[in-house]
Amino acid sequence: MRDEAQILDRALSLHNKGDIAGAAKLYQRIIKTNPNNLHAVHFLGVAEAASGNIERAKLLMKRSLEAKPVEVQFIENYAAVLHRAGEHDELVRLCQHGLQFSPNSLGLLHASAAAYLALGRHAEAIEQLTRLAAHHPHHLPAHFMLGSALAKTRQYEPALAAYDRALRLQPQLAEAHLDIGTIHFTNGRHSDALLSYDNALTHRPDYAEASLGRCYTLIQLGRREEALVAADQALKLRPDLAEAWVGRGNALLELHRLEDAEAAYGRALAARPQLASTWCGQGNVLLRSGRQQDAEAAFDRAIATDADFAEAWLGRGTLALSLGRHNDALAAIDRAIALTPNLAGAWLAKGQVAYLEKRYDEALAAWTRTLALNPDQPSVAAACLRVKMHLCDWSGFDAACTSLRASVRDGKIISPFMLVAVPSTPAEQLACARSWIAHNFRRPSVPVWRGERYDHDRIRLAYLSADFHQHATAQLMAGVFEHHDRGRFEVTAISIGPDDGSDMRRRIEAGFDRFIDARPIGDAEIAELAKSLEIDILVDLKGFTQDARTGILAMRPAPIQVNYLGFPGTIGTDFIDYIIADRHVVPEHDAKAYAEKLVWLPESYQANDRTRAIADVPADRAAHGLPEDAFVFCCFNDNYKITPDVFSCWMRILTAVENSVLWLFEDNSKAAENLRREAAARGVAPQRLVFAGRLPTPEHLARHRCADLFLDTLPYGAHTTASDALWTCLPVLTLLGEAFAGRVGASLLNAIRLPELVTTSSADYEDLAIALARDPQKLAALRAKLALNRLRTPLFDTAQHARDLEAAYVSMMERHRAGLPPDHIRVSGA
């Protein structure tokens with residue numbers, strides 16, 4: 001027995017020195033003479049495991065444990081082998097058994113925690129690791145594994161504390177710095193994340209995952225070129241790292257290098273076909289390429305691969321939003337937020353849906369959350385400003401406008417539709433549009449229309465719009481569509497908006513030679529459709545307004561492309577050839593502020609339909625909450641067009657005109673509440689503001705008869721609402737603005753031959769409003785002149801407006817057929 005014990009000691013000594021083969025021979029020698037020496041049997045199993053013979057090791061160690069089930073050292077060693085074998089359920093049972101005898105065993109607590117982590121039983125892993133760290137505070141893996149387990153359960157602050165303890169024990173632990181960076185990234189703390197990834201690389205320069213983390217973080221910080229460098233560094237270290245190819249694709253996507261991005265995602269797919277982020281990236285490329293249907297399939301593939309991948313749900317939501325499917329968009333976006341609450345892009349998209357649905361409080365809350373996650377987003381700050389304008393919440397208004405204009409001058413990406421409603425110059429609006437187009441719309445290397453020459457008997461004219469239903473654009477244009485000369489023009493509607501089942505929708509459908517409901521299909525398919533129809537002139541009636549599909553025009557499906565009516569300003573790109581205007585909305589000296597060539601119509605650029613019905617109802621002021629004997633100023637413009645300066649002007653007018661009220665459109669109750677408060681702050685009784693809700697168009701037109709004078713807004717004035725007032729013989733007082741959006745009232749008044757209602761300064765505007773209110777005879781004379789001019793002047797001459805537009809289209813075609821580039825056009829009389 002003494003010799004046997006000495007041999008065992010020698011074997012264990014060799015084992016500890018790393019001579020596994022020598023130790024194994026001695027264990028076998030002992031077992032040969034004494035098969036019941038359980039220590040020799042057990043440690044032979046340990047030696048077999050060290051040599052990679054796991055199954056043999058398990059047999060030997062299990063035999064020793066069956067004989068000595070309470071031997072803690074045996075249990076700990078067997079636990080290590082089961083861990084290597086990946087037998088996690090058996091390992092959990094073994095550790096539970098062993099911890100009965102040694103509750104604070106380092107090996108068993110570590111092994112059981114590792115098993116729980118492998119099984120995804122994070123709560124039990126955290127419990128074991130917390131015990132392990134408490135009883136063995138210098139055991140580095142305890143703190144590191146605890147940090148990992150806490151992070152997986154989104155307990156981010158305790159996770160950071162655990163990683164901090166690990167780094168105090170080993171400051172150069174690159175894996176801890178990497179994981180800390182990931183936590184900061186997940187929580188939108190991108191600067192902190194970048195610092196952590198840099199720390200990881202300081203201690204381990206060849207750490208590809210840290211370079212990859214830098215790539216994703218730099219994308220979020222808007223440093224796209226640096227992100228691409230970081231992705232390439234990760235790939236230099238690990239060319240087979242699929243996630244790095246995805247990172248490279250994402251950086252290229254942000255740089256608008258779509259073909260290169262698609263190639264990068266292709267490399268990722270080759271390396272790991274079941275990586276959800278790769279399919280999501282492919283979906284984003286397809287979406288930006290206008291291939292919405294293919295994009296949807298890619299996002300669905302990403303979700304099928306990993307149903308918890310938030311970015312794929314965001315992609316699906318963004319796609320649905322681009323097609324006007326708001327309910328589908330919101331469902332997908334909410335799923336993304338549930339999975340990753342700090343996904344800034346998802347909050348941005350959620351705000352967009354809420355804004356389009358006129359849920360302004362929700363939009364503001366979502367966009368505020370977006371800014372909290374990623375503050376350097378001037379486009380989101382601009383959107384928040386617009387929402388507050390809808391609510392007539394003017395806190396910080398001047399500072400926000402100043403910041404917005406400064407961002408535009410600095411080349412930041414701002415939606416042009418947000419800028420046009422705040423004081424800004426035509427030059428600033430051009431710069432804004434150019435940046436927006438360059439960032440958001442990719443022009444293919446080969447356009448859809450490749451220079452083919454068509455030879456049609458009639459000019460093939462197509463109108464692209466989402467508003468072929470009960471909408472202001474349809475109200476203005478319906479008569480024009482009907483009056484087009486079918487002997488000279490073949491007229492097509494390409495509808496990208498909903499069918500609301502209204503009489504207006506049926507009228508619009510009947511007003512075209514061909515009506516195409518293209519809403520469900522992608523931009524690329526619509527562009528190819530326009531090309532297949534050999535459209536000569538494609539007129540976009542949306543610009544940058546709600547549900548626009550500018551990507552269709554970016555693909556250049558027609559030889560001539562025109563910006564008209566929907567957006568009061570330039571589109572800022574050379575894939576739009578012309579903008580239809582008049583000398584009032586765009587004076588010749590402002591032509592340089594437009595990327596398009598100007599087409600000046602002889603009268604107002606704005607179409608009007610002289611067949612619009614006005615309900616035959618009495619002008620009953622009491623029915624609308626108006627005092628019978630008061631002077632009624634009114635403005636039915638959308639609430640966001642009311643600025644603090646305009647409102648102050650109105651309050652001064654009310655103060656000067658006794659027994660007067662201001663009748664306003666109420667888009668939302670919060671705006672009415674805020675305006676009443678603002679009135680009181682300016683010394684005007686809140687009850688002198690009366691609010692009007694929505695009515696069907698004929699009834700809405702009829703109620704104008706209860707008002708005395710329409711007051712216009714600035715810098716975004718009345719457009720359709722001014723035409724409404726003039727059609728009902730309600731005089732409109734306007735103030736000439738600097739940019740297109742603030743000059744439409746002047747255009748309309750000149751076309752109806754009432755230029756005396758166009759003022760050029762705030763003082764003149766106020767003085768004339770007060771003078772007209774105090775001089776009933778003068779106002780009556782204006783009303784009489786308006787009634788006389790209503791059907792005798794050009795404004796409501798729909799047929800002549802159609803002829804003027806057609807003359808413009810013919811001039812465009814003549815230049816095109818002569819091989820001449822687009823140039824400014826003055827229609828006869830302009």
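The values are calculated or read from the model by the stated rules, or taken from the named source; none is laboratory data. Please read these numbers as outputs of a predicted model, since none were measured by experiment. Virtual Cβ from ideal backbone geometry, glycine too; neighbours counted across all protein chains shown.
For the stretch 221-243, a residue qualifies if it is buried (at least 20 other Cβ atoms within 10 Å of the Cβ) and within 25 Å of the chain's Cα centre (by Cα), and the qualifying residues are Ala227, Leu228, Ala231, Glu243. Within the stretch 432-450, the residues that satisfy the criterion of being within 22 Å of Glu259 (Cβ to Cβ) and out of contact with any Pro (no Cβ under 7 Å at 6 or more places or on another chain) are Ile437, Ala438, His439, Asn440, Phe441, Arg442, Arg443, Pro444, Ser445, Val446, Pro447, Arg450.
Take the stretch 478-500 and flag every residue that is hydrophobic (A, V, I, L, M, F, W, C) and closer than 12 Å to Phe515 by Cα. Within the stretch 478-500, Phe481, Val491, Ala493, Ile494, Ile496 qualify. For the stretch 104-111, indicate whether the set of residues that are surrounded by fewer than 15 Cβ atoms within 10 Å (Cβ to Cβ), at pLDDT 75 or above and in contact with a His (Cβ under 9 Å, 6 or more places away or on another chain) is non-empty. Taking every residue of the stretch 104-111 in turn, at least one turns out to be surrounded by fewer than 15 Cβ atoms within 10 Å (Cβ to Cβ), at pLDDT 75 or above and in contact with a His (Cβ under 9 Å, 6 or more places away or on another chain). Could you list all residues from the stretch 667-711 that are within 22 Å of Thr728 (Cβ to Cβ), of a type in the set (D, E, K, R) and surrounded by fewer than 18 Cβ atoms within 10 Å (Cβ to Cβ)? Within the stretch 667-711, Arg694, Glu699, Arg705 qualify. Has the stretch 682-696 got at least one residue that is closer than 28 Å to Tyr355 by Cβ, among the polar types (S, T, N, Q) and assigned by TED's automatic domain parsing to the domain that holds Ala771? Scanning the stretch 682-696 turns up no residue that is closer than 28 Å to Tyr355 by Cβ, among the polar types (S, T, N, Q) and assigned by TED's automatic domain parsing to the domain that holds Ala771. For the stretch 708-733, filtering for residues that are within 16 Å of Leu795 (Cα to Cα) and part of a strand (DSSP E or B) leaves 1.
Taking the stated definitions as given, is Leu772 at pLDDT 95 or above and closer than 19 Å to Ala707 by Cα?
Here the answer is yes, as Leu772 does meet what is asked.
Over 33 Å from the mean Cα position of the chain (by Cα), outside the structural domain of Leu430 (by TED's automatic domain parsing) and more than 18 Å from Asp712 (Cα to Cα) - does that describe any residue in the stretch 629-648? Yes - at least one qualifying residue is present in the stretch 629-648. Candidates Leu339, Leu319: the one that is closer than 17 Å to Arg288 by Cβ and of a type in the set (A, V, I, L, M, F, W, C) is Leu319.
Would you confirm whether or not the stretch 124-136 contains a residue that is part of a loop (DSSP other than H, G, I, E, B) and farther than 30 Å from Leu339 by Cα? The answer is yes, given that some residue of the stretch 124-136 is part of a loop (DSSP other than H, G, I, E, B) and farther than 30 Å from Leu339 by Cα. Evaluate the stretch 751-766: report whether one residue or more is closer than 30 Å to Gly451 by Cα and of a type in the set (Asp, Glu). Among the residues of the stretch 751-766, not one is closer than 30 Å to Gly451 by Cα and of a type in the set (Asp, Glu), which makes the answer no.
Here is a yes/no grid of residues against (1) of a type outside the set (Gly, Ala, Ser); (2) surrounded by 15 or more Cβ atoms within 10 Å (Cβ to Cβ); (3) within 39 Å of the chain's Cα centre (by Cα); (4) more than 26 Å from Arg488 (Cβ to Cβ):
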{"residue": "Gln777", "(1), (2), (3), (4)": "yes, no, no, yes"}
{"residue": "Ala787", "(1), (2), (3), (4)": "no, no, no, yes"}
{"residue": "Arg792", "(1), (2), (3), (4)": "yes, no, no, yes"}
{"residue": "His801", "(1), (2), (3), (4)": "yes, yes, yes, no"}
{"residue": "Ala807", "(1), (2), (3), (4)": "no, yes, no, no"}
{"residue": "Met812", "(1), (2), (3), (4)": "yes, yes, yes, no"}
{"residue": "Pro822", "(1), (2), (3), (4)": "yes, yes, yes, no"}
{"residue": "Gly829", "(1), (2), (3), (4)": "no, no, no, no"}
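Residues in the stretch 665-716 that are of a type in the set (A, V, I, L, M), in contact (Cβ under 8 Å) with a residue 12 or more places away in the chain and farther than 30 Å from Thr425 by Cβ: Ala672, Ala679, Val684, Leu689, Val690, Ala692, Leu701, Ala702, Ala707.
Does Arg154 satisfy being outside any helix (DSSP H, G or I) and closer than 26 Å to Arg214 by Cβ? Yes. Could you check the stretch 432-476 and list, in sequence order, the residues that are exposed (fewer than 15 other Cβ atoms within 10 Å of the Cβ) and assigned to a strand (DSSP E or B)? None - no residue of the stretch 432-476 is exposed (fewer than 15 other Cβ atoms within 10 Å of the Cβ) and assigned to a strand (DSSP E or B), so the list stays empty.
The residue list Arg682, Arg694 contains one member that is farther than 25 Å from Ala771 by Cβ and under 39 Å from the mean Cα position of the chain (by Cα), which is Arg694.
Can you tell me which residues in the stretch 777-813 are hydroxyl-bearing (Ser, Thr, Tyr) and under 19 Å from Thr611 (Cβ atoms)? Across the stretch 777-813, the qualifying residues are Thr793, Thr798.
Inspection of the stretch 102-122 finds a residue satisfying the criterion of being without any contact (Cβ under 8 Å) to a residue 40 or more places away in the chain and under 30 Å from Gly345 (Cα atoms).
It is to be established whether one or more residues within the stretch 744-755 are free of Cβ contacts under 8 Å to residues at least 60 places away in the same chain, of a type in the set (A, V, I, L, M), crowded, with 24+ Cβ neighbours inside 10 Å and closer than 19 Å to Gly569 by Cβ. The answer is no; no qualifying residue exists. Quick check on Val632: is it part of a strand (DSSP E or B), touching an Asp or Glu at 6+ places or on another chain (Cβ under 6 Å) and touching a residue at least 40 places away in the same chain (Cβ under 8 Å)? Here the answer is yes, as Val632 does meet what is asked.
Does Glu814 meet the test of being touching a Lys or Arg at 6+ places or on another chain (Cβ under 8 Å) and not assigned by TED's automatic domain parsing to the domain that holds Phe710? It is false that Glu814 is touching a Lys or Arg at 6+ places or on another chain (Cβ under 8 Å) and not assigned by TED's automatic domain parsing to the domain that holds Phe710.
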